[in-house]
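Notes follow once the structure below has been shown.
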C-alpha cells in the first residue's frame, strides 16, 4: 500500500503515522524546500523509517520542469509522472498540503486519481484549492470535513470509511 505525502514537512508526521498504523504501508514523502527537506530526512532517520518512508526533494505540479518556491528553484514533476517513474502499482492515500498549489497538484494527478481512487486529505488555503475540490467532486468523490481538514473519498469507498470513522473515532485507516 502506498501513501503519497505532498508537503510532508508542513504539519509533521503523517508519513510516520501511516506506516505505524499499517506495517504494509510505504510513504513517499515529498518536500521541495531545502530546510524543510533536511527536517524531514532527520525525522525519517530518527524514527528508523528509511525504506518505509521515502523522502524526495521535489515539487509536484501539473507537469515536468522547475518551480520557484521560497526563493529556491526546485525540480517539479506531476504526481502521475512520479507514480510511473517509481513504478507504484497503486496509490491508496494522498495527503496534499502545499500552501495554495493544490489545484496544480490535482491536475497533475488525474490519471492516478481516476485509476486508483485514493482517499485524499486536502488542506484548502485559497480559492484555487477550492476549485480542486470541485474537480474531485466531478471525479466521483464525496467531501468530508474532519478536524478542520477536508478529506475527499471516492464514492465507492465512502460508506466503509464513514463506518470505520464512527467505530474507532480515530484517524481513518487504509482498507
Original post:
Can you name every residue in segment 113-125 that is closer than 20 Å to residue 25 by Cα and not in a helix (DSSP H, G or I)?
Top reply: 117, 118, 119, 120, 121, 122
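Out of the strands (runs of 3 or more DSSP E) lying entirely within segment 58-112, which hold 2 or more residues that are on the phi < 0 side of the Ramachandran plot, modelled with pLDDT of 95 or more and surrounded by 13 or more Cβ atoms within 10 Å (Cβ to Cβ)? Even if it seems obvious, please write down each step before you answer.
Details: elements: 59-61, 65-69, 72-78, 93-96.
Qualifying strands (runs of 3 or more DSSP E): 59-61, 72-78.
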Original post:
Among the residues of segment 27-36, is there at least one that is at pLDDT below 90, more than 26 Å from residue 113 (Cβ to Cβ) and assigned to a helix (DSSP H, G or I)?
Top reply: no
**OP:** Would you mind telling me which numbered condition in (1) under 19 Å from residue 88 (Cβ atoms); (2) in a helix (DSSP H, G or I); (3) touching a helix residue (DSSP H, G or I) at 6+ places or on another chain (Cβ under 8 Å); (4) at pLDDT below 75 residue 128 fails?
**Re:** (1)
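So, in segment 113-125, of the ones that are buried (at least 21 other Cβ atoms within 10 Å of the Cβ) and farther than 12 Å from residue 79 by Cβ, which residue ends up modelled with the lowest pLDDT? I'd like the intermediate steps shown before the answer.
Initially, segment 113-125 is screened for residues buried (at least 21 other Cβ atoms within 10 Å of the Cβ), giving 113, 118-122.
Imposing the further condition that a residue be farther than 12 Å from residue 79 by Cβ reduces the set to 119, 121-122.
On the way: 119: 91, 121: 87, 122: 82.
Going through the qualifying residues, I end up with 122.
The values are calculated or read from the model by the stated rules, or taken from the named source; none is laboratory data. A quick note: this is a predicted structure, and the numbers were derived from the prediction, not measured. Backbone-built Cβ (ideal geometry, glycine too); neighbour counts: all protein chains shown.
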